[in-house]
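Written below as C-alpha cells is the structure these notes are about.
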Amino acid sequence: MTASPEQQLYDQLCKILSQYQDPTHITQIFQAYQFGAKHHAGQFRKSGEAYICHPLSVAISLAEMRMDVHGIMAAILHDVIEDTKVTKTDIHELFGEDVAELVDGVTKLTQLNCKTQAEAQAENVRKMCLAMAKDMRVIMVKLGDRLHNMRTLGVMRPDKKRRIAKETLDIYTPIANRLGMNDIRHQLESLCFEAMYPMRHRILKNAVKKARGNRKEIIETISNSLKTRLHQSHITCDVQGREKYLYSIYKKMLAKKLSFSDIFDVYAFRIQCHDVDTCYRVLGIVHNLFKPIPGKFKDYIALPKANGYQSLHTILIGPFGVPVEIQIRTHQMHRLSESGIAAHWLYKSDDEEYSNSKSPANEWVRDLLEIQKSAGNSLEFIDNLKIDLFPQEIFVFTPQGNIIKLPRNASVVDFAYAVHTDIGNSCVSARIDKRLVPLQTQLENGVTVEVITASWARPNPLWLNYVITTKARTGIRSYLKHFKQQEAINLGRRLLEKELLDMNKSLADITEQMQNQLLQAVKLDTLEDLLEEIGLGNKMPFLIAKQLNQDDISAAIKLEDTDSRKESPLIIKGTEGMVVTIAKCCRPIPGDPIVGYFNPGKGIVVHHHECHNSTDGRKKSTNWLEVEWSQDVTGDYPTEIRMELLNQPGTLATIASTISKMDSNIESVNLSAQDGRVSVDYITLTVKDRVHLATILRQLKKLFIVLKITRTRG
Ligand code: MN
C-alpha cells in the first residue's frame, strides 16, 4: 500500500528535520502537523490535493534552509487563521506565544496583499511587508508560501497565472534580493518567467538544452586548464562550471538587445577558496592563464553590493577566443550569496533563544557591517538595509486603499495633514479599522484610517505636542499664525477705537487722506497692517490715535508726550484669543485688579495690579495700559493656592474630589514640605472668577484635614 501524498510529504520533512533537529522538537512539529491536518480537513488545493500538502511543502523548503522549530511549526500552521476557524489565541494556548505571533504575522501579510492591487505602490508594499514583519521568520515563511504557490500554478487560468507572477516579481523577488536570499529568488524568478511568457520560456529552455551539448567539450577544456594551473600553484579550491538562469538570460537579452548566442556563448565558472587572500591570488593566476578583457574586472570583495554580495568578477578570452566569465569568492561569501539572511539558520545551532538584539536579522546586519568594515569602504548600503529591516516608517491605508507613508509614532493628525492640509485643518477624530479613536492616537502599520472632519473644526495648538511630521507642524503653525493675525487685527481695532473714543472720535471719522498720510508716516501699507501692529503691541494705540487727531500728522509723529493721556481702560473679555495672555507670575483672575503690558510682537499680558513685576516696571515704561475685566468675562483662569494639610492617607484624593465637584480643574500639585503631621501643598486650579474661587476655598475650609489655605500671588 502506498502512503497518502501528505504522509509522503511529512516523511520527507522528517528526513530533513532529523539532520538538524532533536527528537523533542520533531514531536512538537508533528503535533502542529496533526493540528493543521485536522483543521484543514475537507479543504483541497486547486490541484485536488489535500490542503495540508501545501503548508507541508512550505515547511520542507524552510527545513532545507535549516529553519528553527517554531518557524517550521508556523510554516505548517501558516494558513489556519486565514482559512479555518482557528484563532491566534488557540495557537497561543497550544503551541506558545512565539508560534502564535509568527502565524499571525504571516496572516497579516496575506491580508495586506488582498488589500492592495495598485501596481504603482509595489515599492511601498515591499517596505510595508518588511515593516510589518517584526520577525524575519515571518518573511521567510511568506516567501516559502509564495514559492510553493508558484510551483503549483499549473491548473490555473493563464491570466490569473500572469497576475500572480507579476505580483511575485513586483513584491517578493525584490524582498528576497534585499535579504540576500538569491537561491529562493532565482527559483521564484524562473517560475514567474514560465508563468508570464510560457512560449519564450520554452524556446529559451530548448535553446539552452541544445547549446549545452555543443558546449560540453569546451567547458571541459577550460575547466581542466584552470584546475591544472591552480594545482601547480599549490592552491586548493573548487572550480565549477556555472550555467546562467533562464530568467537572467532573458532579462539580459531584453536589456542589452543581445541575441541568445551572444549571451549563452559565454562560458561561466565559479572558483571557491578558503580565504580572501587566496581569492586575489587565484585572480592573478587566471589572468596569467587567459588574457582578461579590459574594463570587465569587478571587485565586489572590496566594494560589496547593497545586499552584502561579495565576489571577484572577471572575463577572460579563453581557448578558441571564447569569452570566459569567472567568479572568485570564499566559501563563506558563497553561502551568504545563496541564502543571505537564512544563512544564519543554516549554519548555526537552532536552540538559541531569539532576543531582539540577537535575532538572525540583526546578526545578518552585523555580518554585513563586518563585511563593510573589513572591506574598508564607506558605502551606505548598511543604512539602506537598516531602513528596510528596522524601518523608521509605517505604512497605512486611506479608505480608498491608497498607501500613505508616515514616520513611526505618527498620529492621526499627521495622517490627516499627509492626505491634505484642508483635512488636517478640519479634523475632529478618526476611525482606525472602523473603530472610533481620538486624534492623538499613534498609528500602526497596515491599518486603514478614515479621518472625520467638521466644518467648524480648526487646528488646536495642543496638537503641536504630538504631531511629528513637518507637514502637520507647518500646517498647524501657519493656520494659527493666520488666526493670530486676525485676532491681533481685531484687538488693534478695539484699542484704537477706544483711544479715539476718548477724543470723541471714531475710525469712521478718519478720512482716507489722513489714513494714507499716517500709513506713510509709519511706513505700513494697509490699515489692517497698522491694526495688527497695534494689536501685537508694536505700536501704541494712544499715539496713533493722537496722530490721527492732529491736523498735521508729520508734526505729530515727533510727539512723545504721554502725560496728557486720558485713561479709559481696555476691557478684557476673555475671548481675545492668543493676543491677550494672563501673566504666569501672578495669575490674576476675573475680579482681581489688573494692569496690561504691551509685549512687542506678542500682544497684551495681563498682570495682577499688585504683582511685583508690574509695580517695579510700571514707572519705567510707557508700555503699560489700563485694563479692566468685562462684566461678562468668560473662560477658565488658572490660579495657585497654598494649603497646609493633615498628613494622612487619602488627603489629596479628598481635596481633588472636592475641587472637581466645584466645577474646577486641577492643573498641577506640588508638595513643598512635609513632616509627620502636616504637609504643605501648592495646587494650581482653574476658576471662572474670584467668586468661584471663594466658593471653592469655603468648601475646602470645611474639611477637617485642611488646616490653612491662602491664595499665592507671584
Ligand atoms: Mn499558504
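The values are calculated or read from the model by the stated rules, or taken from the named source; none is laboratory data. Being a predicted model, the structure only gives us computed values, none of them experimental. No Cβ is skipped: glycine too gets one built from the backbone with ideal geometry, and neighbour counts run over all protein chains shown.
Quick grid of which residues meet (1) surrounded by 15 or more Cβ atoms within 10 Å (Cβ to Cβ); (2) more than 29 Å from E338 (Cα to Cα); (3) in contact (Cβ under 8 Å) with a residue 60 or more places away in the chain:
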site	(1), (2), (3)
S4	no, yes, no
Q7	no, yes, no
G36	yes, yes, no
H78	yes, no, yes
I91	yes, yes, no
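Which of the strands (runs of 3 or more DSSP E) contained wholly in the stretch 426-543 include at least 2 residues that are surrounded by 14 or more Cβ atoms within 10 Å (Cβ to Cβ) and modelled with pLDDT of 90 or more? I'd like the intermediate steps shown before the answer.
Values: elements: 427-432, 435-437, 449-453.
Here the list reads 427-432, 449-453.
If D98 meets every condition in (1) within 16 Å of the ligand (Cβ to nearest atom); (2) modelled with pLDDT of 90 or more apart from one, which number is that one?
So the condition that D98 fails would be (1).
State yes or no: is G105 without any contact (Cβ under 8 Å) to a residue 40 or more places away in the chain and not in a helix (DSSP H, G or I)?
no
Run Q232 past the list (1) among the polar types (S, T, N, Q); (2) over 17 Å from E325 (Cα atoms); (3) touching a residue at least 12 places away in the same chain (Cβ under 8 Å) and report the number of the one that doesn't hold.
In the conditions (1) among the polar types (S, T, N, Q); (2) over 17 Å from E325 (Cα atoms); (3) touching a residue at least 12 places away in the same chain (Cβ under 8 Å), Q232 misses (3) alone.
If I ask for residues that are over 30 Å from I175 (Cα atoms) and touching a helix residue (DSSP H, G or I) at 6+ places or on another chain (Cβ under 8 Å), which ones from the stretch 293-317 would you list? Working first, answer last.
Of the residues in the stretch 293-317, the ones over 30 Å from I175 (Cα atoms) are 293-295, 316-317.
Hit for the stretch 293-317 is L316, nothing else.
Taking D681 as the residue in question, decide whether it is among the acidic types (D, E) and surrounded by 17 or more Cβ atoms within 10 Å (Cβ to Cβ).
Details: among the acidic types (D, E): yes; surrounded by 17 or more Cβ atoms within 10 Å (Cβ to Cβ): yes.
Yes.
Looking at I184, I139, which is the one that is within 16 Å of the ligand (Cβ to nearest atom) and at pLDDT 90 or above? Before you say what the answer is, go through the steps one by one.
Working: I139 fails: at pLDDT 90 or above.
The match here is I184.
Determine whether R270 is modelled with pLDDT of 90 or more and of a type in the set (D, E, K, R).
Criteria met by R270.
Specify which of the listed residues (I222, I235) is buried (at least 20 other Cβ atoms within 10 Å of the Cβ), aliphatic (A, V, I, L, M) and more than 16 Å from the ligand (Cβ to nearest atom). If you could, list the steps in order and put the result at the bottom.
Details: I235 fails: buried (at least 20 other Cβ atoms within 10 Å of the Cβ).
The unique qualifying residue is I222.
Which residues, counting only those in the stretch 25-72, are of a type in the set (D, E) and either more than 16 Å from the ligand (Cβ to nearest atom) or within 36 Å of the chain's Cα centre (by Cα) (or both)? Give the derivation first.
Residues of the stretch 25-72 of a type in the set (D, E): 49, 64, 68.
Listed by number, the residues that qualify are E64, D68.
Just to be sure, is I285 assigned to a helix (DSSP H, G or I) and closer than 30 Å to L204 by Cα?
Numbers: assigned to a helix (DSSP H, G or I): yes; closer than 30 Å to L204 by Cα: no.
Judged against the criteria, I285 is not a match.
Being free of Cβ contacts under 8 Å to residues at least 60 places away in the same chain and farther than 22 Å from P590 by Cβ narrows it down to one of Q674, Q699, so name that one. Break it down stepwise before answering.
Working: Q699 fails: farther than 22 Å from P590 by Cβ.
Step by step, each of Q674, Q699 is checked, and only Q674 is free of Cβ contacts under 8 Å to residues at least 60 places away in the same chain and farther than 22 Å from P590 by Cβ.
Say we look at the stretch 80-89 and pick out the residues that are in a helix (DSSP H, G or I) and touching a residue at least 40 places away in the same chain (Cβ under 8 Å); which of these is farthest from the ligand (Cβ to nearest atom)?
Our first condition is that a residue be in a helix (DSSP H, G or I); within the stretch 80-89, this holds for 80-83, 88-89.
Narrowing further to those that are touching a residue at least 40 places away in the same chain (Cβ under 8 Å): 80, 83.
Details: V80: 10, D83: 8 Å.
Among those that are in a helix (DSSP H, G or I) and touching a residue at least 40 places away in the same chain (Cβ under 8 Å), it is V80.
Which pairs have Cβ atoms under 8 Å, sit 6 or more apart or on different chains, and link a residue in the stretch 403-424 that is surrounded by 17 or more Cβ atoms within 10 Å (Cβ to Cβ) to one that is at pLDDT 95 or above and among the charged types (D, E, K, R)?
These pairs meet every condition: L406/D414.
Only one of (1) within 16 Å of the ligand (Cβ to nearest atom); (2) of a type in the set (S, T, Y); (3) modelled with pLDDT under 90 fails for T116. Which number is that?
Unmet for T116, out of (1) within 16 Å of the ligand (Cβ to nearest atom); (2) of a type in the set (S, T, Y); (3) modelled with pLDDT under 90: (1).
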